[in-house]
Amino acid sequence: MTKWNRRGLLYGTIFVWSLLTSCAHVAPLPTDRMRTVIEAREKRAMELMFQGELAEALIQWKVLKTLEPKNREFTQQFLATKTLIQKRANNHVKLGKGALSKGNITLAKQEFLKALALDPHMSTPFSCLKKMEKERAMKIQAKKIRRLAEKRKAPAPAKLQSVSSQEAYYLQLGIGLLRQGRLNESIREIKKYLNTYPKDREAGEYLAEAYIKLGIDCYEQGKMAKALTHLEEAREYKPADSSQLDYYLTRTRQRLAEDFYQKGMRVYLKDITDAIEYWEKSVSYDSKNINAQMRLEKAYKIRKKLKEIEKTQKLK
C-alpha cells in the first residue's frame, strides 16, 4: 500500500468515526429549518387542542418543549394540557361509575374508554372495564349452558346425538377451564368444538376471550412478543367488543417499538447495520415512534456515506 493510500485510509477512518460518534446526539437542524419544524408542530398542537384530541396534543407540546426547553410558553402549554387531561379523565370515570350504578353498561363502557384514551395509564377505568367484561362473560356462559341443555332435551337420531354430545362436552370443558384460568387447555378444548362447528360465533367469542387473557398475562410478565401473538390470534375471531383487545394491541406494539429502539441505541456505535435493523423493527411496530424515525433517517445517511468511502478505497 502506497503512502498516499495509507493516508487516505486513515482520513477515511477518522471521518467515519466522527460520523458514528455524532449519533450520540441528534445533530441540530439548521435554524430556518428548525423554525419551520417548530411552527408546524405548534400549529398542529393548537389544531389538536381545538379538536379535543388532548392526548395527541400533549405529545406535540412535549416535543416542542424538548426542542425549545427555554420556551416558557411550550412548557406552560404542556403542563396545562396535562392538567386538563387529568381533569377530563377523572370526569369520564365519574360519569362511567354513575352510568354503571344505574345499569347503563353501554354508556359506562364508553366513558371508561374515553378516560383511557386520554390517559392509558389510569388504573380505575381499566379495572372497571375488566370487572364489566368478567360479568359479561359469565352471562354469556350461563346462556350457552342453557342452550346446550335445551339441545340435549331435543329428539335426535342416536348416532348424531352421540356426536353432538361429544362436541358439546369439548365446549363445556373449554369454558370451565377458561373460568379456572387454565387458558392453554381451554383454547385446546374450544378449538376441538370449533373444528366441527366453525361458524359458532359464541364459541369464537370464548376462544377470543381466552387468547386475550393469555395475551394480557404475557404483557404483564413483560413477554411482549408472545403477548402480541396471542392478541393477534384473538383478533382473528373478531370479538364483538374489541375495546380491551385494541387497547392492549396498541400498548404491546408501543412497548415492542421502544424495546427495539433501545436495542438500536446500544449497538449503533459498534454496528450501524444492526442498529438500522432494530430501528426499522421499532418503526414497523409503532410508526409514531419519533425517536426511532429520527435515528433511522440519520443512520441511513451514515450507511450510505460508509459505502461511498469503502468504494473509494477499493478504487485506490
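Taking Cα centre as origin and charging only the Cβ of basic (Lys, Arg, +1) and acidic (Asp, Glu, -1) residues, the dipole magnitude of the stretch 230-313 rounds to 540 debye.
Peptides 220-231, 244-255: what's the order by average Cβ count within 10 Å, highest mean first? Let's see the in-between values first.
Details: 220-231: 16.9, 244-255: 18.8.
Those peptides, ordered most packed to least, come out 244-255, 220-231.
Can you tell which of His230, Ser186, Ala168 lies farthest toward the positive end of the dipole of the stretch 155-240, using +1 and -1 charges on the Cβ of basic and acidic side chains (Lys, Arg; Asp, Glu)? Toward the positive end, the furthest listed residue is Ala168. In the structure shown, the pairs Lys109/Lys199; Lys82/Lys288; Lys134/Lys223; Lys109/Lys281; Lys270/Lys311; Lys102/Lys199 are assessed against 26 Å; a Cα-Cα span above that value is assigned to Lys109/Lys199; Lys109/Lys281; Lys102/Lys199. Estimated at 0.36 nm per residue, the fully extended path between Lys191 and Gln86 surpasses their Cα-Cα distance by 33.5 nm. With a simple spin-label model that places each label point 7 Å from the Cα along the Cα-to-Cβ direction, the separation between Ile105 and Gln254 comes to 2.8 nm.
Across the stretch 155-240, the fraction of Cα-Cα pairs farther apart than 18 Å, rounded to a whole number, is 45%.
In a simple Cβ point-charge model (Lys, Arg +1; Asp, Glu -1; nothing else charged), the stretch 155-240 has a dipole of about 140 debye relative to its Cα centre.
Bear in mind that the values in this text are calculations on the coordinates, not laboratory data. Nothing here was measured: the structure is a model prediction, and the numbers come from that model. Ideal geometry is used to build each Cβ from the backbone, glycine not excepted, and the neighbour counts take in all protein chains shown.
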